[in-house]
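Okay, structure first, notes after.
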Amino acid sequence: MVVMARALPPLPVPIRRALRQLGTDLRDARRRRRIPIALLAQRAMISETTLRKVERGDPAVSLGIYATVLFVLGLADRLSNLAAVQHDRVGLALEDERLPQRIRRRRTDGAAGPGGAA
C-alpha cells in the first residue's frame, strides 16, 4: 500500500521565513533552558522527529503542536496576543472609517414628538 503525502499549497515567502524564524527561536529557547530534544518531545507528547520539524519551522506541523511546544517552554502567553485587536492596525483603521459622523437619538413608540404631549 502506497501512502501519499498531502500536498500543501505554496506558502508566501514571508510566511516561510516567519515559520523558519519561529522554529529557530523555539530551538534556541530549548537550548537556553538546557532541555534535550528527547525530554522536550516527551513533555510535549510528540515524537522527536516532530520536534525537529517544529524547530525547522515545517508548515506541515499543526498549530496545536507549535502551541504545545510554546506551552512546555513557558511561552504560551504570547500566543494569545498574535491577533489581538490592539495590534490590528488595519482593522482598527477600517473600523474608524466606518464610524458615523453623527449619532441621533432614536424615538421610541409612544414618545412625544416635537410639540406633542406624551
query: Which net charge results for the neighbourhood of Arg89, defined as the other residues with beta-carbon distances under 12 angstrom from its beta-carbon, given Lys and Arg at +1 and Asp and Glu at -1?
result: -3
query: At 222 nm, what helix-only mean residue ellipticity would the chain give, in deg cm²/dmol to the nearest 500, using -39500 (n - 2.57) for each DSSP H run of four or more?
result: -14500 deg cm²/dmol
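Report the local net charge at Pro36: Lys and Arg +1, Asp and Glu -1, summed over other residues whose C-beta lies under 11 Å from its C-beta.
Details: positive: Arg30, Arg31, Arg33, Arg34, Arg43; negative: Glu48.
Result for the local shell: +4.
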message: Let's test the formula: R0 of 25 Å, r as the Cβ-Cβ distance of Gln86 and Leu63. What FRET efficiency results, to the nearest 0.05?
response: 0.70
Directionally averaged shadow of the range 13-97, computed from the convex hull of its alpha-carbon atoms, nm²: 6.3
message: With a 10 Å cut-off between alpha carbons and a GNM built on the chain, which of Asp58, Asp96, Asp28 moves the most?
response: Asp96
message: Just to be sure I understand: with springs between alpha-carbon atoms less than 10 Å apart, which residue in Arg34, Arg107, Arg56 has the highest mean-square fluctuation in the Gaussian network model of the chain?
response: Arg107
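Readers should treat all values here as calculations from the given coordinates under stated rules, not as data from a laboratory. Just so we're clear, the structure is a prediction, and the values are computed from it rather than from any experiment. Cβ: placed from backbone, ideal geometry, glycine included. Neighbour counts: every protein chain shown.
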